[in-house]
Each structure stands twice: as structure tokens, then as C-alpha cells.
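The values are calculated or read from the model by the stated rules, or taken from the named source; none is laboratory data. No experiment lies behind these values; they were computed from the predicted model shown. Cβ placement follows ideal geometry from the backbone for every residue including glycine, while neighbour counts extend to all protein chains displayed. Only protein heavy atoms, including side chains, enter the accessible area calculation; ligands, DNA and RNA are left aside. Shrake-Rupley method; radii C 1.70, N 1.55, O 1.52, S 1.80 Å.
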Amino acid sequence: MSLRTHSLYEVLVSAFGPDVWKMIIPAIGDTLYMVFWAAVFTLIIGICLGFILTITADDGLLPLPLPHRVLGAVINGLRSLPEIIMIILMLPIARVIVGKSYGTNACIIALVASCVPMYARLVQGALAELSKGKIEAAKAMGSGIWRIIFSVMLPESVPTLIHSFTVALVAIISMTALAGSFGAGGLGDIAVRYGFNRFQHDVLIATVTALVLIVQAVQFIGDLLAHMILRKRHML
Amino acid sequence: MAFIEIHNLEKSFKTDNKSFRVLNNINLSIDKGDIFGIAGFSGAGKSTLIRCLNRLEEPDSGTVIINGREITSLSSSQLKKERRSIGMIFQAFNLFDSKTVAENIAYPLHIEKFKSSTINARVSELLQLVNLEHRSNAYPGALSGGEKQRVGIARAIANEPKVLLSDEATSSLDPQTTFSILELLQKINKKLDLTIILITHELSVIQYICNRMAILEAGKIAEYGDTKNVFSAPSSETLQMFMKVHHQFQQQSLFVEGAGI
Ligand SMILES: Nc1ncnc2c1ncn2[C@@H]1O[C@H](COP(=O)(O)OP(=O)(O)OP(=O)(O)O)[C@@H](O)[C@H]1O
Ligand SMILES: [Mg+2]
């Protein structure tokens with residue numbers, strides 16, 4: 001249903017009607033599937049890289065200037081690529097890993113590749129907020145580097161890590177929509193195919209609504225979680 | 001040989017290719033059971049000195065010997081072990097916000113890989129020692145400054161160290177809380193035969209609790225000896241100035257009282 005042929009009221013009614021949502025709901029499923037796996041990998045890889053960046057810095061636990069600079073440069077390089085270029089670049093690589101260069105799994109790889117550099121920097125920022133004093137106290141008690149990482153740096157920074165992960169997750173969601181137009185399916189695909197190509201504005205409105213709701217939910221849950229932890233620690 | 005010996009300790013910091021000497025030929029010996037005070041103006045190098053003792057700061061040259069072990073020649077894995085017998089407390093407390101009081105105190109015990117029943121028993125013993133049994137499940141965020149420092153002390157002495165280093169541990173506390181922390185330090189000094197090295201800005205802290213002291217002036221030991229002797233004949237500019245200011249404050253307060261408002 002297009003605004004060219006129907007009134008705004010009719011389009012809105014249709015946008016929230018059952019016919020459109022029969023199409024939207026499976027697309028939400030696809031989108032959430034991609035977002036979920038992209039988020040899991042981004043979280044794990046991003047935290048690892050963020051810790052490596054922090055620890056190998058000159059004032060870190062294990063200063064390694066050369067690896068630190070190389071990793072930093074690679075991350076900056078990847079971050080400077082526009083998302084859409086990143087997706088195009090990753091498609092042949094996805095073919096090597098999952099056997100094809102289209103579909104949801106290929107899209108997950110592209111999403112991870114473009115979100116990891118951002119999240120790694122966010123993790124580095126979260127760790128930089130940790131007071132040096134806590135790490136020194138741990139050192140002074142004779143802790144090894146692994147214990148400092150897992151018993152001090154990680155638990156101490158959990159609220160900030162959650163916060164920055166929420167930011168990354170929202171970016172992943174918007175990128176999923178973008179990747180949708182490269183054959184990944186999901187809400188982005190629907191929005192482009194129906195909303196843009198066929199002027200079905202009711203579908204477009206429904207997709208946008210679904211995306212807004214998902215982002216809001218993610219933001220709400222992230223904020224709530226971080227808030228709960230801070231409250232438990234009496235840090236509010 | 002004294003319990004702690006520091007010989008010819010030197011430390012410089014490099015900033016914009018300029019080398020800046022912070023510790024200049026430091027020699028000190030501290031006996032077992034001493035409460036040794038170090039005072040000096042801001043930037044004199046007090047923190048750097050105390051941090052060289054457990055090598056949070058690497059000295060450029062010189063030796064530090066604690067209880068017969070030459071700290072300055074230990075490998076990094078030996079140092080890690082040795083640090084477990086050198087406790088440290090800080091002005092900013094540096095407690096772990098993600099852990100409860102009991103978990104903070106248990107942290108160094110986990111490093112030693114004790115059984116959990118041993119750890120629990122030791123933690124309650126320490127909680128009792130620092131009068132915080134009722135706060136064992138609280139998070140540091142919910143504690144007052146004095147309580148935080150008592151957790152810091154319990155954590156620092158959990159592994160029964162021989163030495164406790166204190167870098168301005170009372171500087172952010174009010175006078176009354178400072179007093180109670182000093183009493184606690186005195187108690188553990190006697191009870192555990194713990195040698196304490198403490199840095200402070202306040203002469204009254206040194207006079208109250210330290211049997212021996214040193215004044216650090218621009219990276220050098222300006223004077224050093226029994227607290228009584230040093231105070232009866234202050235020879236360093238730093239200490240004379242400190243005492244002058246101290247007196248001025250006292251006179252000031254008399255003046256206000258005398259005004260009889
Ligand atoms: N990591 C560092 N890099 C460069 N300079 C440093 C570093 N740490 C300390 N300094 C310098 O060394 C000097 C001595 O510092 P230190 O912290 O030991 O002084 P302090 O006597 O403890 O002072 P305060 O009473 O203010 O704590 C200061 O001039 C300080 O700027
Ligand atoms: Mg200092």
C-alpha cells in the first residue's frame with residue numbers, strides 16, 4: 001500500500017495490520033538471529049582485543065610496543081572503512097568461511113568484522129576508566145597478570161562494559177538492516193524490497209517500528225543491567 | 001643487619017628526554033617492630049621511595065633488603081611471591097568495588113590458594129580484628145572512609161606479612177577516624193609484630209605512633225632517627241618549616257578563642 005494511492009490513515013492501519021506483520025515477524029526472527037550471533041562474536045573478540053590493547057600499552061601490565069602499535073593501526077584502519085564497504089569486502093571472505101557469500105551467516109561475518117574494531121576501542125575506553133590504584137593494589141598483593149585480568153579488571157569494569165556493549169549492539173542492529181539489502185534477509189531486506197522498490201509504505205512503516213522497538217528494548221535492558229549492578233555495589 | 005635495609009637507592013624519572021632525579025642516594029635501616037614514619041613536602045619523593053620497597057616502582061640502582069631477602073635482585077616471579085609478605089595500604093583505599101568486604105579480604109588468600117574453609121576462618125578472624133564483622137557482606141561503595149581503610153588494612157595483612165607499607169593511609173580521613181586507624185595500626189604492630197613504614201603529611205601522626213622517623217627533602221634523607229630526638233632538635237629545613245606552620249595554626253586557633261565571640 002503506497003501513500004500515492006492511499007491516504008495516510010489507510011496506510012497506517014495496514015502498517016499495523018496482520019497482513020504486513022505476517023511478513024515482518026519472520027523478518028524480525030532473521031534479524032534477531034543475525035544480531036544475536038554477531039553480538040556474541042563481537043563481544044568475545046572485542047573484549048579480548050580491548051584487553052590486549054590495554055595490557056600491551058606502555059603503561060599496561062605487559063608493555064609490548066610493537067604488537068600494540070600494529071593492533072592499534074589495524075583496528076583504526078578497519079574503523080575508517082564505511083560499513084557498506086566493509087560488508088562488500090567481507091563477502092568473499094565469508095565465502096571462504098561459510099561456503100557462500102550471501103545469506104544470514106555470511107552477513108554475520110561481515111557484521112562481526114565491522115563491529116569488533118569499534119567494540120574493542122570501547123572496551124579499551126572502559127578499562128582506561130579503571131583506577132590505576134586498584135591494579136597496583138592487586139600487584140602489590142602478588143597477583144599474576146591473569147588474576148589481575150580475571151579477578152580485578154574484568155569484574156571491576158563490568159558496568160562500563162555492559163554500557164559500551166549496548167552501544168555496539170545498537171550499531172550491530174542498524175548494520176544488520178544495511179546488510180539486509182545484500183541478500184542477508186531480515187528487516188533491512190524487507191524495507192528495501194517492499195518499502196523502497198515497490199513503494200509499499202505500510203511495510204516500510206512496520207519495519208521501522210520493529211527496528212525502533214528492538215533498539216529501545218536493547219537500550220532499556222542494557223541500561224537496566226548496568227544500573228542494577230551499580231546499585232548492588234552501592235556505586236550510584 | 002637490620003630488618004629492612006636500603007642502600008644507595010636512586011631513582012630518576014624521564015620526562016621529555018629530561019631526566020629528573022626523585023630519589024638521591026637513600027640509605028635507611030629499619031628494625032623489626034618499628035613504626036617508621038616518613039614525612040616531607042609534596043613532591044619530595046615519599047611515594048616513590050615507599051613504592052621502590054615492593055618494586056611497584058623500579059629503582060635505577062641501590063639495594064632494598066627486607067628480612068634478609070634482597071628485593072632489588074629478585075626475578076619477576078620471585079618478586080610476585082615476595083610481595084605476598086609485604087602488605088600495602090593506600091590513601092585512595094583501592095578496594096575492589098565488585099567484591100564484598102569479605103571477598104576483598106579473601107583476595108590475597110585466594111592468591112595463596114588456601115582451602116576455602118581456611119579462607120573463611122581467616123576472613124572472620126580479620127573482620128573481628130578490624131571490627132567489621134557486621135559489614136562482611138557490604139560492598140565498599142556502602143562504607144565510610146574509615147571503614148574502607150580498615151578493610152584495606154585487613155586485606156593487606158591477610159597473608160600475615162612481615163611489613164606493612166602505608167602511603168598516606170589516613171590523609172583523606174577526618175581527625176577522629178585517623179586516630180582510630182592509627183590505633184588499629186598500633187594494635188596490629190604489637191599483636192603481629194608487624195613492621196610498619198608510613199608516609200604522612202601530619203607531624204601529629206608521626207608523633208603519635210612512630211618510634212622512628214625520617215624527613216625526606218628533595219629526594220634526600222634530610223634527617224633521621226628516633227622520633228623524640230628528631231623533634232627535640234629539628235635540623236632540617238623541612239621539619240623546621242613543618243613545625244613553624246604547626247605552631248602558627250595553634251596560635252591562630254588561640255587567637256580566635258581569645259577573641260571571645
Ligand atoms: N611515574 C612518574 N613519572 C614521572 N614523574 C613522576 C612519576 N611519579 C612521580 N613523579 C615525580 O616525582 C616526584 C616525587 O613524586 P612522589 O609522588 O614520590 O612525591 P611525594 O613526596 O609522594 O608527594 P605527595 O606528598 O604529593 O604525595 C614528583 O615531582 C613527581 O612529579
Ligand atoms: Mg605521595
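Placing unit charges on the Cβ atoms of the charged side chains and taking the dipole of the stretch A:8-232 about its Cα centre, the candidate lying farthest along the positive direction among A:Ala179, A:Pro117, A:Leu130 is A:Leu130.
For the stretch A:8-232, the relative contact order works out to 28 percent when only alpha carbon pairs closer than 8 Å and six or more residues apart are counted.
For the stretch A:21-44 versus the stretch B:14-87, the spacing of their alpha-carbon centroids is 56 Å. Ranking of A:Arg69, B:Arg155 by solvent-accessible surface, largest first: A:Arg69, B:Arg155 (1.4 Å probe, protein heavy atoms only, all chains present). A cut-off of 5 Å between modelled amide H atoms, ignoring neighbours fewer than 5 places along the same chain, links B:Arg212 with B:Ile35, B:Gly37, B:Thr227. Taking amide H as placed 1.01 Å from N in the peptide plane, the amide H of B:Ser61 sits under 5 Å from that of B:Glu10, each at least 5 places away or on another chain. Taking all Cα pairs closer than 8 Å and separated by 6 or more residues, the relative contact order of chain B comes to 25 percent. The amide H of A:Gln200, built 1.01 Å from its N in the peptide plane, has A:Gly195 as neighbours under 5 Å, considering only residues 5 or more places off or on other chains.
Per-residue Karplus couplings for the stretch B:86-93, computed as 6.51 cos²θ - 1.76 cosθ + 1.60 with θ equal to phi - 60°, are listed in order as 10, x, 8, 10, 10, 4, 8, 6 Hz, Gly and Pro entered as x. Legend: mean number of C-beta atoms from other chains within 10 angstrom of residue C-beta atoms, peptide B:154-164, equals 1. Residues considered: A:Ser164, A:Ser114, A:Ser14. Largest GNM mean-square fluctuation over chain A, using C-alpha springs under 10 Å, is found at A:Ser14.
For the stretch B:10-135, the solvent-accessible area with a 1.4 angstrom probe is 45 square angstrom per residue. Ranked by the mean number of other Cβ atoms within 10 Å per residue, highest first, peptides A:204-214, A:222-232 order as A:204-214, A:222-232. Springs between alpha-carbon atoms under 10 Å, Gaussian network over chain A: tell me which of A:Ala217, A:Ala106, A:Ala168 tops the mean-square fluctuations. Fluctuation is largest for A:Ala217. Peptide B:98-111 has a mean shielding of 3, counted as Cβ atoms of other protein chains within 10 Å of each residue's Cβ.
May I ask which of B:Lys32/B:Lys244; B:Lys18/B:Lys220; B:Lys14/B:Lys244 have a Cα-Cα span longer than 27 Å here? Table pairs above 27 Å Cα-Cα are B:Lys32/B:Lys244; B:Lys14/B:Lys244. Considering only A:Trp37, A:Trp21, A:Trp146, give the residue with the highest GNM mean-square fluctuation for chain A, with springs between Cα atoms whenever their separation is below 10 Å. Most flexible of the set in this elastic network: A:Trp146. Once you have a ≥ b ≥ c as the square roots of the Cα gyration tensor eigenvalues for chain B, tell me rounded if a/c is under 1.5, and otherwise prolate or oblate according to whether a/b is larger than b/c. Oblate, because a/c is 1.5 or more while a/b does not exceed b/c. The spacing between the stretch A:111-134 and the stretch A:209-228, judged by their C-alpha centroids, is 20 Å.
The listed peptides A:70-79, A:85-94, B:51-60, ordered by packing as a protection proxy, come out as B:51-60, A:85-94, A:70-79 (highest mean of other Cβ atoms within 10 Å first). Shielding by partners for peptide A:225-235, expressed as the average number of C-beta atoms from other protein chains within 10 Å of each residue's C-beta, is 3. Other residues whose C-beta falls under 13 angstrom from the C-beta of A:Phe16 contribute a net charge of -2, scoring Lys and Arg +1 and Asp and Glu -1. The lysines whose alpha-carbon is closer than 22 Å to the alpha-carbon of B:Lys113, local same-chain residues fewer than 8 away aside, are A:Lys134, A:Lys139, B:Lys80, B:Lys81, B:Lys99, B:Lys162. For chain A, the longest principal axis of the C-alpha atoms and the axis of helix A:18-56 are separated by about 20°. Dipole size of the protein assembly as shown about its Cα centre, with +1 on Lys/Arg Cβ and -1 on Asp/Glu Cβ: approximately 960 debye, rounded to the nearest 20.
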